[in-house]
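Visitor: Input: one structure, supplied below.
Any read-out appearing in this document is the output of simple, stated calculations on the displayed coordinates, not a laboratory observation. All values reported here derive from a predicted model rather than from experimental measurement. Virtual Cβ from ideal backbone geometry, glycine too; neighbours counted across all protein chains shown.
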Amino acid sequence: MLKVYLDNCVFNRPFDPQGHIRIRLETEAKFHIQDQIKQQRIMLIWSYILDFENAYNPFVERREAIAEWQKLAEVDVEETQEILDAAHSLRKLGLKSKDALHIACAIEAGADYFITTDDLIIKKTRNLKATKVVNPLQFIEIIEGER
């Protein structure tokens with residue numbers, strides 16, 4: 001079963017203004033990924049850094065809706081020195097600290113895919129070997145191509 005890590009921007013995508021076609025398509029892709037998780041066709045990975053970032057979401061309904069996904073995660077990554085060290089190394093790619101922590105958690109949990117809507121993260125991690133970093137639309141293309 002594929003293991004995926006969705007970063008905070010993916011969880012928040014449905015709450016973004018849907019006026020641009022890319023945002024609407026990424027939202028639909030995110031909903032499809034979530035359906036696959038609910039049907040236990042894809043394994044969701046959660047982490048302490050998702051909890052941390054979500055706790056600072058100023059919108060209560062969004063924060064609560066996102067927090068519910070932790071219950072469906074089959075893996076919940078806690079902070080370790082190994083994750084902190086890996087994040088420090090990932091920062092050398094030009095990633096922000098929290099982004100590096102997300103990716104380090106995904107790698108620690110053995111994620112096949114790290115899914116983000118942040119183009120800069122995708123660009124900076126294009127040569128990463130430990131996990132494939134993609135946006136929701138790319139992920140849908142990949143899984144649909146495998147079936």
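Visitor: Quickly rank 111-124, 71-84 as a protection proxy: mean count of other C-beta atoms within 10 Å, highest first.
Guide: Highest-to-lowest ranking by the protection proxy: 111-124, 71-84.
Visitor: What ranking do 90-97, 40-47, 29-36, 54-61 get when scored by the average of other Cβ atoms within 10 Å per residue, highest first?
Guide: The peptides rank, most packed first, as 40-47, 29-36, 90-97, 54-61.
Visitor: Which links in Lys38/Lys96; Lys30/Lys92; Lys30/Lys98; Lys3/Lys98; Lys3/Lys123; Lys38/Lys123 stretch past 23 Å when you go from one Cα to the other? Each step should come with its number before you reach the end.
Guide: On the way: Lys38/Lys96 31 Å; Lys30/Lys92 29 Å; Lys30/Lys98 21 Å; Lys3/Lys98 20 Å; Lys3/Lys123 21 Å; Lys38/Lys123 30 Å.
Where the Cα-Cα span goes over 23 Å, the pairs concerned are Lys38/Lys96; Lys30/Lys92; Lys38/Lys123.
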